[in-house]
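Working notes for the structure below.
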Amino acid sequence: MKLRYLSHSAFLITTESGIRILIDPFLDDNPVSPVKSDEIDADYIILTHGHGDHIGDAFKIAKRCNPKFIAVNELANYAINHGFRAHNMHIGGSFNFDFGKVKFTIAHHGSMTNDNYYAGEPAGVLLFIEGKIIYHTGDTGLFYDMKLIGEMNPIDYMLLPIGDNFTMGIDDAVKAVELANPNAAIPIHYNTFPLIAADPEEFKKKLSERNKECIIMEFGEEIEI
């Protein structure tokens with residue numbers, strides 16, 4: 001399985017069988033993304049919440065690829081109302097897809113689209129794919145139930161924000177890793193704009209001091225997991 005960090009909170013997961021799962025594809029108006037929307041194909045698009053820097057270019061990509069959206073109920077309906085296919089879910093629920101299982105978790109944030117549509121609760125997402133568990137926290141502040149999430153689901157890769165201001169900053173993200181106890185943490189949602197500038201090397205150093213592994217992925221980088 002391949003994990004590609006497209007920058008900000010956007011990832012592309014490609015399974016061994018070639019199924020492509022895209023998460024929060026904010027690309028074309030993203031000043032640090034080395035990848036544009038016309039270069040990305042998807043079979044599924046998972047949206048964590050309705051903000052413009054997370055819905056991003058999802059609909060533009062969907063017009064080409066006809067993927068199935070996976071999101072909490074209100075946000076899934078927003079995609080349906082725009083003419084796309086969607087699988088409606090909600091926090092605490094899980095469903096087995098052809099690539100693996102998806103389960104939504106809480107996230108402390110907001111979720112309003114650019115055209116003022118209430119997109120339901122913001123969410124994190126657990127992906128159970130090919131024997132690995134990936135936890136994309138979405139945009140969130142620190143919350144203690146991350147410990148419970150990690151205890152119930154032994155996380156291989158935790159993708160979590162460090163950019164502060166709108167989400168966790170570095171110190172809160174370090175605590176989140178301590179609570180969830182993943183095998184490895186991957187910092188996201190930083191350095192896209194000056195307001196969320198952060199040094200991932202500082203995050204990595206603080207995790208190393210706690211014997212926690214951190215993988216800093218370059219924007220556009222793909223790794224085998």
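For the stretch 18-40, which positions are farther than 20 Å from THR167 by Cα and touching a strand residue (DSSP E or B) at 6+ places or on another chain (Cβ under 6 Å)?
Once the filter is applied, which keeps residues that are farther than 20 Å from THR167 by Cα and touching a strand residue (DSSP E or B) at 6+ places or on another chain (Cβ under 6 Å), the stretch 18-40 yields ARG20, ILE21, LEU22, VAL35.
Would you point out which residue out of ALA58, ALA86, ALA62, ALA79 is surrounded by 14 or more Cβ atoms within 10 Å (Cβ to Cβ) and either among the β-branched types (Val, Ile, Thr) or out of contact with any Lys or Arg (no Cβ under 9 Å at 6 or more places or on another chain) (or both)?
Numbers: ALA86 fails: either among the β-branched types (Val, Ile, Thr) or out of contact with any Lys or Arg (no Cβ under 9 Å at 6 or more places or on another chain) (or both); ALA62 fails: either among the β-branched types (Val, Ile, Thr) or out of contact with any Lys or Arg (no Cβ under 9 Å at 6 or more places or on another chain) (or both); ALA79 fails: either among the β-branched types (Val, Ile, Thr) or out of contact with any Lys or Arg (no Cβ under 9 Å at 6 or more places or on another chain) (or both).
The unique qualifying residue is ALA58.
State yes or no: is LYS36 charged (D, E, K, R) and farther than 24 Å from ASN191 by Cβ? Lay out the reasoning, then the answer.
On the way: charged (D, E, K, R): yes; farther than 24 Å from ASN191 by Cβ: no.
So LYS36 fails the test.
LYS147: of a type in the set (Lys, Arg) and in contact with a helix residue (DSSP H, G or I) (Cβ under 8 Å, 6 or more places away or on another chain), yes or no? Step through it out loud before you land on a result.
Values: of a type in the set (Lys, Arg): yes; in contact with a helix residue (DSSP H, G or I) (Cβ under 8 Å, 6 or more places away or on another chain): yes.
Spelling it out, LYS147 is indeed of a type in the set (Lys, Arg) and in contact with a helix residue (DSSP H, G or I) (Cβ under 8 Å, 6 or more places away or on another chain).
If you go through the stretch 12-37, how many residues are without any contact (Cβ under 8 Å) to a residue 24 or more places away in the chain and of a type in the set (Lys, Arg)?
1
So, in the stretch 149-173, exactly how many residues are over 22 Å from GLY110 (Cα atoms) and among the hydrophobic types (A, V, I, L, M, F, W, C)? Working first, answer last.
Kept after step one, since they are over 22 Å from GLY110 (Cα atoms), are these residues of the stretch 149-173: 150-157.
Right, trim to among the hydrophobic types (A, V, I, L, M, F, W, C) and you get 152, 155.
Counting residues in the stretch 149-173 that are over 22 Å from GLY110 (Cα atoms) and among the hydrophobic types (A, V, I, L, M, F, W, C) gives 2.
Any read-out appearing in this document is the output of simple, stated calculations on the displayed coordinates, not a laboratory observation. Remember, predicted model here, so these are calculated numbers, not experimental data. Note: ideal-geometry Cβ built from the backbone for every residue, glycine included; neighbour counts use all protein chains shown.
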